[in-house]
């Protein structure tokens, strides 16, 4: 048994910590450690605090670039770390990783960072990339461990000599709770209407425009033989998200797609669907919506793109399509409309097996507990 420590979780939303890391928080608390959570206030703070950690607010904003405000965030973090005096800080998302890395040398704690995706800045010009490389190198060079959620991001950091290989390791995404996300044989009659579900933050690079276009084309050609559902959350940090949400609402009004209201009961929505779709070209880690659908025994349509492709063995538990290709997306959807129920059931079972073998959340929890044991006094 390791000594009792103060362990901080730091992410850009309480929503993220509650939905994606609550089992890890609980496991660490059961191990006897004192747990703190740092995240901006949102409606999930109360649920997060109910798990047991002590929550602290910070005025972090995911996409804000105002240097004065970012310096204020660094100051707030400095004061929090000086007050808490953590032994270990677990960080998630870009700013949380970088800002904690910049402060840890002065505050004398260990850091385990999780890079769930390199972010859109890696798509920009060479100067922006070089600046990003510098920031990651300077902030995370002395981290105890840096977890990557896909091999492509890990390879980029090693090939560009951003971080030393001995502190880098790949995790299978954020994992999925197989006891919550379980298969369920729907009672509704299959073989007539196929339901295609897209779920996640409403960000253009996730492929929502393609999904809308495909839905319109296929509904025009095939009529009521297919339905297209969207369970999306607006990303209030991005102006594009609001415009995209309004477009989705207009498609909902025109009965092209069905926009579902926000819910904490994602499992029941997945159970009603036939196929999960994510035509993403975003810098994903491993998309959570795909992991949850796999665990629920659903076939997948997604892009042959980093993170996304990790979830699909083409033709076995789903179909991989070329990114940004409307024709490829339509063809994949048509395949599942025409396929017999037995094909969907067979692919769904393969998805569940893949989730059990590769993406069980217990794998991630064990990796983090191992790092806790490695923290030096």
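Would you check if residue 151 is out of contact with any strand residue (DSSP E or B) (no Cβ under 7 Å at 6 or more places or on another chain), over 20 Å from residue 272 (Cα atoms) and either at pLDDT 90 or above or surrounded by 16 or more Cβ atoms within 10 Å (Cβ to Cβ) (or both)? Before you say what the answer is, go through the steps one by one.
Values: out of contact with any strand residue (DSSP E or B) (no Cβ under 7 Å at 6 or more places or on another chain): no; over 20 Å from residue 272 (Cα atoms): yes; either at pLDDT 90 or above or surrounded by 16 or more Cβ atoms within 10 Å (Cβ to Cβ) (or both): yes.
No: the conditions fail for residue 151.
May I ask you to verify whether residue 94 is within 26 Å of the chain's Cα centre (by Cα) and under 17 Å from residue 163 (Cβ atoms)?
Values: within 26 Å of the chain's Cα centre (by Cα): yes; under 17 Å from residue 163 (Cβ atoms): yes.
Judged against the criteria, residue 94 is a match.
Give the residue that is surrounded by the most Cβ atoms within 10 Å (Cβ to Cβ), with candidates limited to residues of the range 293-310 that are within 23 Å of residue 94 (Cα to Cα) and touching a strand residue (DSSP E or B) at 6+ places or on another chain (Cβ under 8 Å).
308
With the condition kept exactly as written, say whether any residue in the range 336-344 is surrounded by fewer than 20 Cβ atoms within 10 Å (Cβ to Cβ), touching a helix residue (DSSP H, G or I) at 6+ places or on another chain (Cβ under 9 Å) and in a loop (DSSP other than H, G, I, E, B).
There is at least one residue in the range 336-344 that is surrounded by fewer than 20 Cβ atoms within 10 Å (Cβ to Cβ), touching a helix residue (DSSP H, G or I) at 6+ places or on another chain (Cβ under 9 Å) and in a loop (DSSP other than H, G, I, E, B).
So which residues in the range 262-285 are modelled with pLDDT of 95 or more and part of a loop (DSSP other than H, G, I, E, B)?
Correct list: 273, 274, 279, 280.
Can you tell me which residue in the range 233-258 is farthest from the chain's Cα centre (by Cα), limited to those that are surrounded by 13 or more Cβ atoms within 10 Å (Cβ to Cβ) and either outside the structural domain of residue 334 (by TED's automatic domain parsing) or not in a helix (DSSP H, G or I) (or both)?
Among them, the one singled out is 256.
Consider only pairs whose beta carbons are under 7 Å apart and that are at least six residues apart or on different chains; among these, list those whose first residue lies in the range 137-153 and is outside the structural domain of residue 111 (by TED's automatic domain parsing) and whose second residue is at pLDDT below 95 and assigned to a loop (DSSP other than H, G, I, E, B).
Pairs found: none.
Could you tell me how many of the residues in the range 211-232 are assigned to a helix (DSSP H, G or I) and over 20 Å from the mean Cα position of the chain (by Cα)?
Residues in the range 211-232 being assigned to a helix (DSSP H, G or I) and over 20 Å from the mean Cα position of the chain (by Cα): 14 in total.
Looking at (1) farther than 26 Å from residue 267 by Cα; (2) in contact with a helix residue (DSSP H, G or I) (Cβ under 6 Å, 6 or more places away or on another chain), which is the one condition that is false for residue 11?
(1)
Are any residues in the range 355-365 in a helix (DSSP H, G or I) and under 16 Å from residue 149 (Cβ atoms), and if so, which ones?
So in the range 355-365, the residues in a helix (DSSP H, G or I) come out as 355-358, 361-365.
Matches in the range 355-365: 355, 358, 361, 363, 364, 365.
Just to be sure before I move on: is residue 355 without any contact (Cβ under 8 Å) to a residue 12 or more places away in the chain and surrounded by 15 or more Cβ atoms within 10 Å (Cβ to Cβ) in the structure I sent?
In short, no.
Every residue in the range 141-180 that is within 20 Å of the chain's Cα centre (by Cα) and part of a helix (DSSP H, G or I), please.
The answer is 151, 152, 153, 154, 155, 156, 157.
Please verify whether the range 319-327 includes one or more residues that are modelled with pLDDT of 95 or more, part of a helix (DSSP H, G or I) and more than 23 Å from residue 148 (Cβ to Cβ).
Checked the range 319-327: at least one residue is modelled with pLDDT of 95 or more, part of a helix (DSSP H, G or I) and more than 23 Å from residue 148 (Cβ to Cβ).
The values are calculated or read from the model by the stated rules, or taken from the named source; none is laboratory data. Here the structure is a predicted model, which means the values were calculated and not measured. Note that each Cβ is placed from the backbone with ideal geometry, even for glycine, and that neighbours are counted across all protein chains shown.
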